[in-house]
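To keep things clear, I will list the structure first and then write my remarks on it.
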2 protein chains.
Amino acid sequence: MEQFSHSLDSIFQALADPTRRAVLERLGHGPASVGELAMPFDMALPSFMKHITMLESCGLIRTRKSGRVRHCAIDPQRLALVDGWLADQRTLWNGRTDRLERLLTQPKDKDPSA
Amino acid sequence: MEQFSHSLDSIFQALADPTRRAVLERLGHGPASVGELAMPFDMALPSFMKHITMLESCGLIRTRKSGRVRHCAIDPQRLALVDGWLADQRTLWNGRTDRLERLLTQPKDKDPSA
DNA sequence: GCGATACTAAGTGAAATAGCTAACTATAGC
DNA sequence: GCTATAGTTAGCTATTTCACTTAGTATCGC
């Protein structure tokens with residue numbers, strides 16, 4: 001649990017920027033080169049590259065260079081971490097309101113782990 | 001869609017810090033005062049207060065002061081925004097994954113994109 | 001009223017973030 | 001080999017973040 005914390009730091013940090021979220025959304029439709037990804041943004045390429053680097057260093061995307069082109073693709077597993085954290089939180093605060101009901105109706109507690 | 005983006009910025013930013021995530025987790029078990037929340041952290045109170053302020057300003061928690069004590073409580077609805085964004089993303093790339101699987105299992109649809 | 005408690009305000013500083021330009025490397029195409 | 005393209009490196013700046021200390025305000029309890 002502790003080792004996730006550090007990852008979550010950088011992942012949430014990465015997600016905190018609209019440019020980077022937009023890149024992820026774009027990559028959700030399929031892989032793309034850095035140049036293609038950069039096009040919609042009114043930003044110098046080196047600036048944009050920092051976002052790509054950041055996304056890769058926290059594991060949200062994977063990239064590989066073929067020739068002079070760097071191809072980027074999303075890494076869904078990484079976002080599962082966020083999903084997991086969020087699910088935990090939801091369980092906590094929903095559990096607080098639902099606990100009584102649950103105890104009365106379902107004595108068994110199920111844990112959907114990854 | 002645009003107005004969500006700004007909110008997501010500050011929410012993800014807030015979640016990017018382990019102290020703030022820990023506060024949320026603690027608050028998931030129920031409301032608490034600033035002092036109670038601060039106790040586990042080896043941090044000066046003014047520093048800690050900034051985290052509280054940040055969590056409140058992005059809407060993840062609500063606080064009210066009664067007497068000299070400020071009580072904090074979580075605001076689950078706010079995290080639903082994150083949940084929504086994440087769900088959208090999942091839909092995107094799961095859709096893609098499903099499509100790929102379909103291509104692999106059903107050679108009827110010809111699309112040599114790999 | 002007076003001291004202790006629970007924050008709050010103000011000011012400092014190191015480090016990270018997010019952008020820029022200019023110059024460079026490596027590949028593709030002719 | 002020369003030129004254009006795609007990305008990279010280096011170095012600069014402004015802003016934000018995250019912590020600190022010191023001092024102040026506003027209750028609470030006696």
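Observations on the structure shown:
- Residues in the range B:1-47 that are charged (D, E, K, R) and in a helix (DSSP H, G or I) were compared, and the one that is farthest from the other protein chains (Cβ to nearest Cβ) is B:Glu36.
- Residue satisfying all of: in the range A:68-90; within 9 Å of chain B (Cβ to nearest Cβ) and touching a Leu at 6+ places or on another chain (Cβ under 9 Å); farthest from DNA strand C (Cβ to nearest atom) among these: A:Arg90
- Identity of the residue in the range A:48-60, open to solvent by less than 20 Å² (accessible area, probe 1.4 Å) and part of a helix (DSSP H, G or I), that ends up farthest from A:Leu27 (Cα to Cα): A:Phe48
- Any hit, the range A:3-14, residues being surrounded by 12 or more Cβ atoms within 10 Å (Cβ to Cβ), at pLDDT 95 or above, more than 12 Å from DNA strand D (Cβ to nearest atom) and closer than 19 Å to B:Trp93 by Cβ: yes
- Residue check for A:Gln89: surrounded by fewer than 18 Cβ atoms within 10 Å (Cβ to Cβ) and assigned to a helix (DSSP H, G or I): no
- Residues satisfying the stated conditions in the range A:61-86, i.e. modelled with pLDDT under 90 and open to solvent by less than 30 Å² (accessible area, probe 1.4 Å): A:Leu79
- Just one of the listed residues (A:Lys65, A:Lys50) is touching a strand residue (DSSP E or B) at 6+ places or on another chain (Cβ under 9 Å), within 16 Å of DNA strand D (Cβ to nearest atom) and not hydroxyl-bearing (Ser, Thr, Tyr), namely A:Lys65.
- Hey, A:Lys65 of a type in the set (D, E, K, R), within 13 Å of DNA strand C (Cβ to nearest atom) and under 22 Å from B:Asp9 (Cα atoms) or not: no
- Residues of the range B:20-47 classified as closer than 26 Å to A:Leu15 by Cβ, within 12 Å of DNA strand D (Cβ to nearest atom) and surrounded by fewer than 18 Cβ atoms within 10 Å (Cβ to Cβ), total: 4
The values are calculated or read from the model by the stated rules, or taken from the named source; none is laboratory data. Since the structure is predicted, the reported quantities are computational estimates derived from the model, not experimental observations. For neighbour counting, all protein chains shown are included, and Cβ atoms are generated from backbone atoms with ideal geometry for every residue, glycine included. Heavy atoms of the whole protein, side chains included, go into the accessibility calculation; ligands, DNA and RNA do not. Shrake-Rupley method; radii C 1.70, N 1.55, O 1.52, S 1.80 Å.
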